[in-house]
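To keep things clear, I will list the structure first and then write my remarks on it.
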Amino acid sequence: MQKRFPVLYLFLPLCLSVAGSFLSGQQTSFLGEGEWIDLTHEFSENTPYWPTADGFTLEVDYHGMTEGGWFYASNTFRTSEHGGTHLDAPIHFAEGKMTTDEIPIEKLVGPAAVIDVKTKALSNPDYLVTIADLVAWEELHGTIPEKAVLLLHTGYDRFWPDRVKYMGTDERGAQAVAKLHFPGLDPEAARWLTENRRVGAVGLDTPSIDFGQSSDFMSHRILFEHNIPVFENVARLSRLPALGSFVIALPMKIKGGSGGPLRIVAFVPEAQP
């Protein structure tokens with residue numbers, strides 16, 4: 001008779017390793033020694049949103065002692081899908097493509113490739129990350145890994161949550177969209193990625209993958225036509241190496257959603273001697 005071993009047995013050594021790291025207080029995980037970096041901005045009434053979108057609100061439903069003698073707290077929050085650190089699902093700009101709940105986990109986790117363009121972007125709020133930027137990175141670090149989470153580091157998260165510095169204006173309404181200024185991905189670079197590389201997702205530390213002055217949102221449209229999700233308003237990319245970290249980006253799983261709030265983190269392995 002063929003013996004069948006419960007799946008638990010296969011994962012038992014891993015579970016013991018993780019449990020041991022918690023008990024010892026070490027920054028150890030199944031990924032090895034290293035550090036977890038939170039790449040997510042907190043949500044609050046100060047969170048920047050697109051000028052035409054409603055912002056984040058948190059309403060207290062109950063906070064205090066109950067008649068039964070125990071403490072209880074519960075809130076109701078309201079938010080646009082596209083504000084704060086969030087996911088853009090492909091259907092956001094591509095009819096018939098993946099909604100938030102349809103994006104496979106494999107596209108939301110993976111090795112990070114961090115393209116540092118902050119020197120150029122901080123001197124030009126309308127900077128576009130070019131094919132040349134991507135090629136220059138590859139000349140130093142090798143081909144962008146397959147299924148990588150490609151992260152564009154413009155340095156703009158240092159301005160969060162100052163709307164004027166971060167996105168060019170703190171005005172609200174449709175007329176304010178024309179006053180937006182922040183870096184983004186050149187549509188030609190987006191096209192190059194879809195034609196020449198196989199990334200799992202693309203993220204950056206500005207409000208949009210298209211730069212602030214875009215009127216046709218072409219980088220969105222190109223990436224989304226290929227079902228490549230986007231992470232926007234990412235934080236602390238300066239904490240990541242160009243290559244070697246691992247990203248986990250899990251959005252609120254909204255059925256039929258075009259995006260949603262995102263908790264994105266990265267694991268940076270300890271440098272080997």
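Key figures
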quantity	calculated
Estimated translational D of the stretch 46-159 in µm²/s (Stokes, Kirkwood radius over Cα pairs; 20 °C; 1.002 mPa s)	118 µm²/s
Shape category assigned to the stretch 180-246 from the gyration tensor of Cα positions, a/c cut at 1.5	oblate
Lysine pairs within the stretch 93-175, Cα separation less than 21 Å, 8 or more sequence positions apart or different chains	5
Using a Förster distance of 22 Å, the FRET efficiency for PHE77-GLU171 (Cβ separation, nearest 0.05)	0.35
Helix runs (DSSP H) in the chain reaching 18 Å along axis by Cα, Kyte-Doolittle at least 0.0	7-24
Pairwise label distance in nanometres, THR66 with THR52, each label 7 Å out on the Cα-Cβ vector	4.4 nm
Share, in percent, of DSSP beta bridges within the chain that are antiparallel, nearest 5	70 percent
Positive minus negative residues near GLU95 (Lys, Arg vs Asp, Glu; Cβ under 12 Å)	+1
Segments 226-237, 151-162, 130-141 sorted - mean Cβ within 10 Å per residue, highest first	226-237, 151-162, 130-141
Answer label for semi-axes √(5λ) of the Cα gyration tensor in Å (calculated), chosen among [x] 37, 23, 13; [y] 48, 19, 15; [z] 31, 28, 19	[z]
Value at 222 nm in deg cm²/dmol, rounded to 500, when DSSP H runs of n ≥ 4 in the chain each add -39,500 (n - 2.57)	-6000 deg cm²/dmol
Under the Karplus curve 6.51 cos²θ - 1.76 cosθ + 1.60, θ = phi - 60°, whole-Hz ³J(HN,Hα) for the stretch 145-151, x wherever Gly or Pro sits	x, 5, 6, 6, 8, 7, 10
Label-point separation in nm, VAL109 to SER258, each point 7 Å along Cα→Cβ	3.0 nm
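Rule-based calculations on the coordinates, nothing more; no lab input. Predicted, not measured: the structure shown is a model, and the values here were computed from it. Neighbour counts run over all protein chains shown; Cβ positions are idealised from the backbone, glycine included.
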